[in-house]
Structures are given as C-alpha cells and as structure tokens.
C-alpha cells in the first residue's frame, strides 16, 4: 500500500482538483465505508446525498456533478475509471500467475505453445492444441484436443475447455467454467430420448470475459458464438448455437436457450431467461428475472415474466398494488347499483 | 467432411425422396443458416414458412408436412432424428477419449476396473470403486470411495462424484458437475445451525445424461434417485432425497427442493423451481420460470409463479394487460354512478 | 448398521418414551417411506396426519405434539436433531478423508501447515498459504497464494479458492465451488467495456458451510464477507463486496448483487434475487423466486417479483385468481349502467 497526496492523485487521473493539494490519502473505499484518510468516488448521481455523511477525505466526482460540498473534489469525465486507476496504484495487483510449464502438467502430442506461455500444476492440454504468446493456463485447467487459444488470454484454475474450441486473445475465463459441453439435444423415439450428436464447436472472440461456473454448450453443428468484448457474469447458461453480439453484458444466473441470437450492446440483467430461437435486437435491456418469450426489437427495455416493454409493465405492476382494494370497491359498486335499481324500479 | 447425393441420403435415412436424386449435398445446416449445397430439416411446423426463403438445396421434412415447395424433399417420420443421422455421417464425431490408465491418474486400493476402461490424466479414483467395461473417466475427474459405475458410461473432465454413488450404464455426466455433495440440512439449536448428517447416497440409473455444472445432493439417509433415461441440462439443482422418474427432461437452471418426487415423462422447463416435499405427476409439463408450490396431478400443464394450470394462467396474464385501462374505466364508472345518483335523488 | 431398542434410543436422545421399551428398531426413515422396524420422526406439525398411515414402528415427536396414536413415541424438544443422532448412531458416517500429504499434491514455497493437515491427490497449494490443524484439502482442490485457512475446515474435491482468501475454522466448502473469482466490474470507455481491477479478497468466517458449484466473487477492494455460522446452498451467486450476516440461510440458486448487505438470521429462499447496493435487515425472510428491488427493514417477510410484504402479496395473488371473472363482470356492470341510464333518461 502506498500513500498519495491529492496533487499526485489528480495528476494520476488527469483530473481537476478543487481543494488542498497537500492532503495525504492513505486508503480508498466506497462512499459509505470510507474512513478519514480515504479517497472515494461518486459515479451514480443517486448517491450524491451520501457525500454529506461520508467520512472520506476526498472525492473523485464527475465534471457534471453540481452538489456543493466542503470536501476536496477531483473532477474527471469517468469517476469509476479514475478511481480504478487510483486503487490499482495504491493497492498494486500483486496476483502471481504460473510461469513456464509446471512439471506436473500433462501436455499432449503436437501442441504448439507461443512465447512465454505458462501452464500451471495439474493442468492438462490434449493433442493438437495451439496457444498464443503470453497466455496463462492455471492449475487444474483442461484444454481439449484441437482447441486454439489466442495471445495474452487467462484461463483460471479448474476451467474445462472441451475439444476444438476457438478462444480469442485477451480473453479471461474464471474458475469452474465449462466451455463446449454437449448441447441439450434429444429426440423421442419409441418413448425414450435418443441423443442428437452435438458435433459443433464454441467460438469465443477477443476481449471476452466469462465468470465462474458458467456453462456454454457446443453447437449441434456449426458454432455457439460469443462475439468480441462481451462480458459474462457467474453461473450463466448459454445453450447450443446461441450467438451473443459484441460488447454485451450478461449478468449472473441468466439463461439463454438454444439458437437464440442476442444483439450487440445488449444488457441481460441477473436471473433472466430467454427462450430458444428468438432474436434480441441491439441495445436491448432485459430486466432482472425477466422471462423473454419472443423476439425483441432493438433499443427496447423489457421487464417482467412474461417480459413486456418497461413502460407498460410498470403500469401493470402499479395496478397490482391497487387490486385488492379495487375488488372490494367493485363489489360495493355492484351492490350499490343493484340496490338502487331495486329501489327506483 | 464427406459429400453425399440426395439418393445416398434418402437411402441413409430410409426416406422418400421427392426431387432429383443426383443433387450433391456438401453441408448440413439449420433452415435459416443454410447455404446453397446444404441440406436442412424441418421438425417444427411453425418454421414451415421459412422454407420459401431458405438457401438450402434440400429439406428433410415430415411425412405430414403439407406446404408446397420447389425444393427437393426427403420425407421421413422423424426429421430431427434423420437429420442427426446425416450430420453424423457427413461430420463424423472424431472426438478422442483417453485410452488406458494415464500414468498421472491416481487409483486407490481394491479398485475393480472392467475391460477397456479408460482413466484420463490427473483423474482420481479412490478405494473400493468398481467400474464396468468400456467406461471412460476423463481428465481431472474424481470418483469417491465405494462408488459403483456401470458399463460404457462417460464421465467428463473435472466432474466430482462423491463416495458411495451408484451410477448406471451408458450414463453421460458433463464437466464441472457434482454428484453426492451433502444435502442442505440443518437444525437450529440455541440460535445457531447445527449440521444434520447426510449419510445417504445418490443413485443415477442407466441412460441418464447430466449436463455441466449440475449439483445433485446425496440423501440425508436413503438415496437421491434419478431414474432411467432422464436427461438433465446444465446448472440444475437437485436437493437431497429427490426422486426423478424415468424419461423426464429437466431444463437448465431448474431447482428441485428436498424430498420432492417427480414422475416419469415430466418436462421441467428452464429456471423453474419446485418446493420441497411435493409430488409432480407423470407427464406433467412445468413452464419456464414457474414456481411450483404444491403437488401437481399427472397430465397437467402448469405455468407462472406461483404456478397454475396453463389455461387459467393464460387468462390471468391476458387480464393483466388490460388492468391499467380497466382501473381508469372503473374510476370513471364510479364517478358516473355517483354523479348520476346525486342528480336523480 | 446397528439395531437398537426403543429404550436404548430414548436414552440416546434423552427423550421420554411412551410405549414398549423392548421394541427393536432396525432402520430409520422418513414418515412416508418408513417400513416396519423403522423409526421415523415428526418435526413439522403439518405432517401429523401422516402418522396414521405410516408403517414406522416408532416415532420421535415433539413434546408439544398432541395427536393421539397407538404407535410408540419418543418425545423430545427437537425431533429433527434427535432423529439425526439416531441416524448417526445406526448408520455411522464412514466417510474416508485423505490422510497426510498425497505424493501427487503440489505444495508451493513458504506454506505453513498445522498439525494433522491432509492434502488429497492432485491438489495444488500455492506459495505463502497457511492452513490450521486438522484441516482437510481434498483431491483436485486449488488453494491460491497467501490464502489463510483455519482449523478443522473441510475443502471438498475440485474446489477453487483464489489468492489471499481468509477462510475460518470448521468451515465446509463443497465440490465445484469457486471462492474469490473477480467481481463483475467494468466501465464503458469509448463504446467498449474496460475491466475494473478487483483487488479485494473474500473472507469466510468460522462455522460457515458453502454448497456445491457456488460462486463468491472477491471484492473490488476491501472484502466480500460471509459471517460466522451462515449456511449457503448449491449454485448460489454472491457478488463482489456483498456482506452476509451471522447465522443466515441462503437457499439454492439465489443471487445477491454487488455491495448488498444481508443481516443476521436472514433466510433467502431458493432462486431469489437481490439487487445491488441494498440492505436486508436482520431476521428477514425472502420467499422463493422473489425479486428484491430495494432495502428491506428487519423482521419482514417478503415474497414475489417485485417483492412485497407477504400479507400484501398474498392479497394481490388472490386477486389475480379473480381477475378474468372480474373483467367479465365489470363489462356487464358497465353495460347495465349504460342501458339503464338510457332507459331512465
């Protein structure tokens, strides 16, 4: 851990300092947890009121932030990114990765390893695998035969990558994840399910990150495809022949059924489910726990199960709240009309 | 990859060819993705309209399909199964499995291995395990003591099978899955939870397939039981003492709570949840994301959370759509009756 | 397996026997599954009617149970706990764990192992790890550098514990689980997501149990914290910087988003989801599949998605049932008022 002055920090993040440049910062923390001596940040305007009660000694804030405060501010375009830089500087990431090929690793025939590839203890690399420069395969990971992995990719401990997968460069795959398990395909013959061969592959393009305990099935034929820059959280299910577009975000415990196509810049919030054979357009946002039963046009925000456009769903949910009272009033009105009619007739 | 003529293909699948037998097929693909030279198939009538726009050079269709087309057809009883045969023939599944016992595998005392058993690198087989003929234990898998596994079973990489499990023949278990972890059983004693011993086992009968990253807990006592022919998708949770009947389908991310009994030929769609201690009858279908809170009689189709019969739930969901408009109209009617009454009185 | 008389059993559980002390018990089973010769138990009053049809030869029941029966009873304060004692006695848990350090395990530099530590085959322990007395690291598990583990802790097969984690004493972590994977943190810069370094750790306090295939992410900075005595079921997602209080219960497939704080004695039922940055008070119960979108005061029972207090949600769900009929009646009433008005005017 290093200490930094506000002057040093504002130079580090290329920010505009409002306050005493000589203040010494000894730690970094969230706005609620921060103690004296800590720097914090404010990315989400909804947390602005927390400034007043925060113990932090300085705040990295957006250029656009308007709230008045007596605390020193460092203003930047992207406070979250700037704070990351400060954290990385103060708490250098001293993660240690394997170097070289560990003697307990098992490497098959005809394996091509690039420069500075590392393979951890107990890892297994089958025949005909190709791995690019500076890629790290951590302890206990399995790389199936004829798989290709790019440069500077990081495969964490106990990951399983089945045969013939194609993994790009600068990809990160977290522990426990399985890439290329068989798609879930069966056909009923005389009352029992017969397996449909799953002879396709999985393709993961450059700069994708995949969380822990994720399952991405291989295609029935052809490929299951995760395009460049997409980020996938933990415990996500991606079925056979799914295509996920560039720079999308798939949050934890979401499931995407077979052959569905997800656009680019899509956000699938936690625990949502997408049925098979549908298309989710670019820039769509799907709310947490939503159940998507049909294709969704681009630039739409849908929520609920079954999922509907957000503005409609919001009204339905508001109406639910009123339902019990409403049923009561309806019974009263019905009675009133009935009584009144019998009186008047 | 092999090319085939339509004549060869129709012979292979025992189908009725309608079109030029000499057409050469170079690939196989889904109806939307197919290119010229590809054969495709049509199993689901709802996709029939896609025939017109498909680039495929031939289609495997059902005997019952009525839509007219200028494309060559091969008619069969089960197009999905026939297409699988063609795919397997054109793209032979050249998956390679371990052969023999790898020198890095660790095999315990008193282990009985059948003929042609293979054990991959870094696998661990504890004492007193029995494994039948032709079974393959892939790299990094763990087989706990006193476990019994049948013939021609396939345990993929990094699977964990805890002690005393009984796994049948022709079973497939995908990577990352855990069989026989302790059931989730605690009892509160003076404000803290005390563990209830989970001394039972897991039994997986013949011809079951279990996806990736599935958790099946051992019984508190007795057994958790998955019966013959059932197929389980990825990331499914099966709690202690659950029984799943024959030839059922459990789709990804479904959870079944302790001691529930699922019938045969049941379909549990994705992300659904079943509470503990209930019975789901034979042939029941549970919709995606449904929450089943009580026992369900056989031959029922239920959906929603809480789950209700499909025909009732459908009406409720349709009614939700009308709710906001309806609340408005109700307020108007109430006002109207009130005004009118005050006028008339 | 041992047989016991009812006299021996009532002494074992310190219970009050009502019936023949010489009856011999040969097995133990659930109230529905029990056969002649079995003892069973009754913890939940809702199962009392099952007594009459049970084949069990004796029942461990609560002191408070009032139902009359001709079967021998052993009355105790906590029937579930007493039954556990009987089961443990009749079916001794003869689980075998590794002893000593297996020759195939890979142990790093500067590792400090307590007395009687066991490390199974193919396990990997990186540099600077400290492990307390009697702790068992099973086959294929990975312990990252600078991790500290307490005494008598049990790390099952193929668990991954990433660097710098702090795991308490008497902790149990089941197979396939990942502790300390990177939090899901990205910030969008010029249209692509840039990774925010996740330099924090995971802390798991004493007496915590964590199921199979669980993912607990390391903090962005600071720590993700699971407090003493909490029990976590399978396939649960716990995001970065989450804090879970003492003696809470998190049931299978639940997800907790980043920075949320869960109180003590909380119960999160299966498949529920908690958004980020909220506080769930002490003693809160969250129903299965609930979607919690905001902070929840202590001692509350909430259900549904979006989650609401149980008593309100119950009325809303009851109202749903009536909706289709109600819409029909409303249309009729509207028509009636309209007709009547036109007649009377």
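Miscellaneous remarks
- Pseudo-label separations to other copies for residue B:35 - Cα-to-Cβ vector, 7 Å, nm: 6.3, 6.3
- Peptide B:92-103, shielding by other chains (average Cβ, 10 Å cutoff): 3
- Computed over region B:215-345, the range of Cα coordinates on each principal axis works out to 75, 25, 24 Å, biggest value leading.
- Translational diffusion of region B:94-137, µm² s⁻¹ [Kirkwood Rh, Cα pairs; Stokes-Einstein; 10 °C; 1.306 mPa s]: 151
- Considering only A:174, A:102, A:89, the Gaussian network model of chain A with Cα springs below 10 Å gives its largest mean-square fluctuation to A:89.
- Mean separation of Cα contacts under 8 Å (6+ apart) over length of chain C, as relative contact order %: 6
- Residue B:311 paired with residue C:334, simple spin-label distance in nm, labels 7 Å along Cα-to-beta-carbon: 2.6
- When chain A is treated as a Gaussian network with alpha carbon springs shorter than 10 Å, the biggest mean-square fluctuation among A:141, A:28, A:118 belongs to A:28.
- In units of the rule-of-thumb radius 2.2 N^0.38 Å, the protein assembly as shown shows an alpha carbon radius of gyration of 0.99.
- Within region B:106-308, DSSP assigns beta bridges of which about 10% are antiparallel (rounded to the nearest 5).
- Label geometry 7 Å along the beta-carbon vector: residue A:110 inter-copy distances in nm: 4.4, 4.4
- Spatial separation of Cα centroids for region B:49-114 and region A:42-81, in angstrom: 58
- Among B:93, B:206, B:217, the residue with the largest mean-square fluctuation in a Gaussian network model of chain B, with springs joining Cα atoms closer than 10 Å, is B:93.
- Based on the convex hull around the alpha carbon atoms, region C:124-209 presents an average projected area of 6.0 nm².
- Those residues of region A:1-18 whose amide nitrogen sits under 18 Å from the label point placed on residue A:63, 7 Å along Cα→Cβ: A:10-18
- Only alpha carbons enter this Debye calculation for region C:4-90, each as an equal point scatterer, and the log10 of I(q)/I(0) it gives at q = 0.16, 0.26 Å⁻¹ is -0.49, -1.51.
- A convex hull fitted around the alpha carbon atoms of region A:257-332 yields 87 Å³ per residue.
- Separation of region C:24-38 and region C:265-298, taken as the distance between their Cα centroids, equals 38 angstrom.
- Counting only DSSP beta bridges whose two residues both lie in chain C, roughly 15 percent are antiparallel.
- Relative contact order of region C:106-308, defined on C-alpha pairs under 8 angstrom at six or more residues apart (%): 10
- Sites residue B:47 and residue C:44, calculated FRET efficiency, Cβ-Cβ separation with R0 51 Å, nearest 0.05: 0.55
- 10 Å Cβ neighbours from other chains, averaged over peptide C:192-201: 6
- Two-decimal Rg/Rh across region B:106-308, once Rg and the Kirkwood Rh are taken from alpha-carbon atoms: 1.01
- Helical content of chain C, expressed as a calculated mean residue ellipticity at 222 nm, amounts to -5500 deg cm²/dmol (DSSP H runs of 4 or more residues, -39,500 (n - 2.57) each, divided by residue number, nearest 500).
- Counting DSSP beta bridges with both ends in the protein assembly as shown, the antiparallel % (nearest 5): 15
- Normalising the average separation of contacting C-alpha pairs (under 8 angstrom, six or more residues apart) by the number of residues puts the relative contact order of region C:4-90 at 30 percent.
- Computed with the Debye formula from one identical point scatterer per Cα of region B:295-344, without solvent, the log10 of I(q)/I(0) at q = 0.14, 0.15, 0.24, 0.27 Å⁻¹ comes to -0.56, -0.59, -0.86, -0.94.
- Label geometry 7 Å along the beta-carbon vector: residue C:95 inter-copy distances in nm: 3.1, 3.1
- Stokes-Einstein D (µm²/s) once Rh is taken as the Kirkwood radius of chain C over alpha-carbon pairs, at 4 °C in 1.567 mPa s: 54
- Note on region B:183-279: Kirkwood radius taken over Cα pairs, Stokes-Einstein applied at 25 °C and 0.890 mPa s, translational D equal to 183 µm² s⁻¹.
Quick note: the coordinates plus some simple rules give every number you see, no bench work behind them. Quick caveat: nothing in here was measured; it's all calculated off a predicted structure. Cβ coordinates were reconstructed from backbone atoms using ideal geometry, including for glycine residues, and neighbour counts include every protein chain displayed.
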